[in-house]
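Notes follow the structure.
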Amino acid sequence: MSDHNDVHLEPTPGERFSKFLKRGDIRETLAWAAFYTAVFVVLGAYFYPKWMPTVMSTDMKAIERLMVVFTFISAPVCGFVMSIFTQTLRHRHKGDTPPPDGPMIRNNRLGVAVFSGVASLLTLTAVIYGLIELNSSAEAATKDAPNALVVEVTGNQWVWSFNYPSLGVESNMLNLPIDRPVIFRITSADVNHSFWPVQLGVKADANHLATTLAQTTPTKLGTIDVKCAELCGLYHAYMETSGEVMTVSDFNNWVTAQGGHSA
Amino acid sequence: MTTLSQQVSNRPIPNPKKSLITRLNMGTGLIVGIAFALATYYSMQTTLDDATLNFQRNNQVLLATMFMWSIGFLVGIGAFIGPFRWLIGKDLTAEEQLYLAGDGQGIKRYFKYCTDHKVVGIQYLWGVIAMLAVGGSMAMMIRTQLAQPGAKFITPSIYNSLVGLHGITMIVAMIIVATGPFGNFIMPIMIGAADMAFPRLNALSWWVLFTAIPVLCSAWFLGGIPTGWTAYAPLSVQAGPGMNAFIATIIIFAVSTAVAGANITATVISMRAKGMTWNRVPIFVIGATISVALAVPAFPTFMVAMIQTAMDRTFLTGFFDSNVGGSGWLYAHLFWIMGHPEVYVILLPGVAILMEIVPVFVRKPLFSYTAAVVGFAGIAGLSVLVWAHHMYMSGWLPMLNGPFMVTTEMISIPTGLIFLVILGTLWNGKPWLKVPMLGVYAFLWNMLIGGITGLYLSDVPADNYLHGSMYVTAHFHYTLMGAALTGAVAGLSYWYPKMTGRMLNERAGYISFWFVQIGFQILYLGMFIAGAEGQPRRVSDYAQMYANSNRISTFGAYLIGTGFIVLLWAVIHSWRNGVIAPMNPWGAKTLEWTVPYPVPLVNFDTPPVVTSDPYGYGKAVK
């Protein structure tokens, strides 16, 4: 046993790594990074749901979840950047003469590789998560289509109008029954508009002589604000209307009152 | 022993009485330009067929007038003397070329067709300052209107024009904000060149751009533009006479950009000093070159889109007007094929300036030069494959939304490398927080927010909610203003001593920095909230529920305005009264700090020889 004491072995990667973690500057960086990551996680989880309007459809729910998850995915990057930001500011050079020379570090291949690898993995996570959400919303749309209520939406400088062909109703209000899939067939009578029922998490451009499709399922009773999200000329700001997600019986009553036949 | 620059300045200047070249300047340009414009306007008014529809005829007359003004101005200032000599089988004499370089003409050379790259740089600098001032004032008016709900300040028509003209003025200014002043003044010295590769084209690029400024201003007097700077068809096809000014501006600007881009690229490729191999080129030069090289293929699509819009408006060609068989989607594609590379054309030089600054102020080498180059090249390469992420909701082939989402999010990876280079350079350093260095920290925070909000926007389901909202406006201001303009302002305070011979007033620099950056965070925090709450962008009025976030934003905007007024004062005041700058006030190692002020006509008395990259700061580590 004592024979081996004099032999200087190269440290194993594990030993080098644990020694690396014991360095003061590395510990400071990791501590700040953990702190800022936590701050961004909390901000994302708290503020997006707070700011964004009432979730009233399946799609809007997915959007809000996505915003929060994306904040979580990017939080470690923010943590890392802000950590070095804070740490170097704490050690700033004061005075009117240039600072002393720092260490001449021109590159660190392992560092670049680890950083690029982690950044790519996080990006990949975001990409895959987004593609899954995109696919599931497309699948839901196909599955729900046969049962869906069709609403023809027309943008006209500067009003929205809604036609329910299966019910024989035309209106300037977007009223919808709860829990029934709805397909919007969107077009424009003049320039480009963008149909945006805010609480439903749906947006699609209204193009002249073309029809755009969008689909969702309202899941909560309440008021819908309908806006135009594409600059369409003079009164673009005022091209808004509203509507309501109603119980099925209220919706049928409204349809009858409008002179239509209930579904 | 006389130096090279003394020899050059000792040559005789041609007799001013005899040469036409010596009589031409901005004044003769204005006279000939206005004469051409008036002649075109009145001759077309009287000779055009009365049967032509009034709308088309009006557009024909206005467009022709604007282009003839531009051509007339260039004739009057002497831009075509060289080409004309070639036509008759001659060329400019050496004396005339020396005269064109502005040798010994003092302040007058700034108002002439001057081929000295340093003069062109200063011309660009003041052009950019003027444009930013006009665009910034428009922003203040927009925020004043939005300070409270109810549209109490200006009418929707004026508001829409302000939004569009603010947009295009700022986009044009931002495209040239770094490559114009610093790419022309500093870059040739940085690479050890005596001038640009094509000095006359250099002067041409500036004066062509100059002719676009009055054209753009005329939009205001022709009833404004109702379309925003995106100028989507069919709205643009139906828009009033002000739209012609927008179209003409873009076409003229695209010519200027193509000329400048080709010139800068050629200069960097062919005129580097002896020994300056590609891995020894300062990183600003790499960033600026990739930026202008990216602009060379991007802008022609916008130019073509504008020519087609002009033809739709003048001859009813119907490229984009669905009423006669055209497609608005075609326009949107052409626009965004320019539009998305264009944001990186703006961003890259600003970032590259900051990369130039960090090593100097922490006294460490630039961390991983290769990663920086790969980052720039990666961004430029991917940026031409992402344009349709602006069209997720347009109804154009939803099937392709997925692929465009993937390419867009991939840009995070080279952008991450850019961050890594700056962070790695800062790492374990002791930053010297002079005004230029503050910009690096502002960039890190602003680009972080801009980048991450970009990630949400690139995602198709999330974009279903965020597209076309104030959230988008806040996002791109974080990247274009928070990152790119911050980089350019840092560059101004960094290179100011070399460009003016004096130091920029430091106290004013600090005050301006804090006003601008704090105001910036307040403004766009409010705008992110308004967007998340569901306020569409480009609205002249909004519902009561957005009142708080908008009030916050307007307060922030006024702080920014105050900060920039302080900066403008500092730039003007220090130019005349500032402390005389030493040759190398920051102790930097790039070549521009080895030449005195005023920089000699041919920059270097002896052509420099480069033996290493300019980042050899710091002491060796074991």
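Summary table
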{"quantity": "Local electrostatic count at B:Trp278 - Lys and Arg +1, Asp and Glu -1, tallied over other residues with Cβ under 15 Å", "calculated": "+2"}
{"quantity": "Largest to smallest principal axis extent of the C-alpha atoms in chain A, angstrom", "calculated": "99, 55, 32"}
{"quantity": "Euclidean distance of C-alpha centroids, the stretch A:183-252 and the stretch B:140-168, integer Å", "calculated": "25"}
{"quantity": "Chain A: calculated mean residue ellipticity at 222 nm from DSSP helix runs of at least 4, using -39500 (n - 2.57)", "calculated": "-15500 deg cm²/dmol"}
{"quantity": "Proportion of all alpha-carbon pairs of the protein assembly as shown beyond 49 Å (%)", "calculated": "25"}
{"quantity": "Relative contact order for chain B, counting Cα pairs under 8 Å that sit 6 or more residues apart, in percent", "calculated": "16"}
{"quantity": "Value at 222 nm in deg cm²/dmol, rounded to 500, when DSSP H runs of n ≥ 4 in chain B each add -39,500 (n - 2.57)", "calculated": "-22000 deg cm²/dmol"}
{"quantity": "Angle in degrees between helix A:58-90 and the longest Cα principal axis of chain A, rounded to the nearest 10", "calculated": "30"}
{"quantity": "Alpha-carbon spread of the stretch B:205-356, three principal axes, descending order, Å", "calculated": "60, 30, 25"}
{"quantity": "C-alpha long axis of helix A:24-51 to longest principal axis of chain A, angle in °", "calculated": "10"}
{"quantity": "Two-decimal Rg/Rh across the stretch A:148-257, once Rg and the Kirkwood Rh are taken from alpha-carbon atoms", "calculated": "0.95"}
{"quantity": "Debye log10 I(q)/I(0) for the stretch A:22-97, one point scatterer per Cα, at q = 0.20, 0.23 Å⁻¹", "calculated": "-0.83, -0.96"}
{"quantity": "Relative pair counts by distance (%), Cα atoms of the stretch B:438-524, 5 Å bins", "calculated": "3, 14, 22, 19, 14, 11, 7, 5, 3, 2, 0"}
{"quantity": "Relative exposure of A:Asp96, B:Asp613, A:Asp25, judged by other C-beta atoms within 10 Å (fewest first)", "calculated": "A:Asp96, A:Asp25, B:Asp613"}
{"quantity": "Protection-proxy order for peptides A:97-106, B:324-333, each taking the mean of Cβ atoms within 10 Å per residue, highest first", "calculated": "B:324-333, A:97-106"}
{"quantity": "Footprinting exposure proxy for A:Ile63, B:Ile158, B:Ile413 (fewest neighbouring C-beta atoms within 10 Å first)", "calculated": "B:Ile158, B:Ile413, A:Ile63"}
{"quantity": "Alpha-carbon gyration tensor eigenvalues x 5, square-rooted, for the stretch B:114-594, Å", "calculated": "34, 25, 23"}
{"quantity": "Exposure proxy order (Cβ contacts within 10 Å, fewest to most) of B:Leu347, B:Leu63", "calculated": "B:Leu63, B:Leu347"}
{"quantity": "Under 10 Å, Cβ to Cβ, from A:Ser188 - net charge with Lys/Arg +1 and Asp/Glu -1", "calculated": "-3"}
{"quantity": "nm² value of the averaged projected area, convex hull over the Cα atoms of the stretch B:154-205", "calculated": "4.6"}
{"quantity": "Distant alpha-carbon pairs in the stretch B:187-279 (separation over 17 angstrom), percent", "calculated": "59"}
{"quantity": "Cβ neighbours within 10 Å from other chains - mean over A:121-128", "calculated": "5"}
{"quantity": "Inter-label distance for B:Phe221 and B:Leu568, nm, one decimal - labels placed 7 Å from Cα along Cα-to-Cβ", "calculated": "2.1"}
{"quantity": "Among the listed pairs A:Lys94/B:Lys274; B:Lys274/B:Lys498; B:Lys90/B:Lys118; A:Lys19/B:Lys619; B:Lys90/B:Lys589; A:Lys227/B:Lys152, those beyond 31 Å (Cα-Cα)", "calculated": "A:Lys94/B:Lys274; B:Lys90/B:Lys589"}
{"quantity": "Descending semi-axes in Å of the stretch B:16-113, equivalent ellipsoid built from Cα gyration tensor", "calculated": "35, 14, 9"}
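Every number in this text was worked out from the coordinates using simple rules, so none of it is lab data. Note that the coordinates shown come from a computational prediction; the quantities given were computed from them, not determined experimentally. All Cβ positions, glycine included, derive from the backbone under ideal geometry; neighbour counts span all protein chains shown.
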